[in-house]
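> Questions regarding the structure given below will be posed in turn.
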Ligand SMILES: [Zn+2]
């Protein structure tokens, strides 16, 4: 195993732990771990941009209220209830994402 791989693996384990603690659905945690970083933030996929939660392809079309409920039912009791990000936070995150995507394009 290369050094790089072991770093990636332990990071994935951390994300997995966070995902469970935060109450995110298993399918979305799996999706989060599989999808490349910049692609996780596709604004069309993610109405929750800025919250840390990225719905998977199956969950993205579920009503936002229902997604919030689902997450809060599984969420660690010590945490604040999950809620969608404010629109201004979402828009700020979107401009971040565009910047990153452009950087990625320039590099390839
Ligand atoms: Zn899902």
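Derivation of every value follows stated rules applied to the coordinates shown; laboratory data play no part. Here the structure is a predicted model, which means the values were calculated and not measured. Every residue, glycine as well, gets a Cβ built from its backbone with ideal geometry; the counts of neighbours run over all protein chains shown.
> Could you put 22, 32 in order, starting from the residue whose Cβ has the fewest other Cβ atoms within 10 Å?
Neighbour counts put them in this order, fewest first: 22, 32.
> Using label points projected 7 Å from each Cα along Cα→Cβ, tell me how many nm separate residue 26 and residue 101, to one decimal.
Each label point is offset 7 Å from its Cα along the Cβ direction, giving 3.2 nm.
> FRET efficiency for residue 36 and residue 61, Cβ-Cβ distance as r, R0 = 25 Å, nearest 0.05?
Computed FRET efficiency for residue 36 and residue 61 comes out at 0.70.
> May I pose another question? Among 83, 30, 13, which one moves the most in a GNM of the chain with springs linking Cα atoms closer than 10 Å?
Top of the fluctuation ranking is 13.
> Please tell me the relative contact order of the chain in percent, rounded to the nearest whole number, where contacts are Cα pairs under 8 Å and at least six residues apart.
Details: 84 pairs, mean separation 31.2, N = 108.
Averaging sequence separation for qualifying contacts and normalising by length gives 29 percent for the chain.
> Please order 62, 35 by the number of other Cβ within 10 Å, starting at the fewest.
62, 35
> Taking a temperature of 4 °C and a viscosity of 1.567 mPa s, what whole-number D in µm²/s does Stokes-Einstein yield for segment 3-107 with Rh from Kirkwood over alpha carbon pairs? Let's see the in-between values first.
Working: Rh = 14.6 Å.
Reported coefficient: 89 µm²/s.
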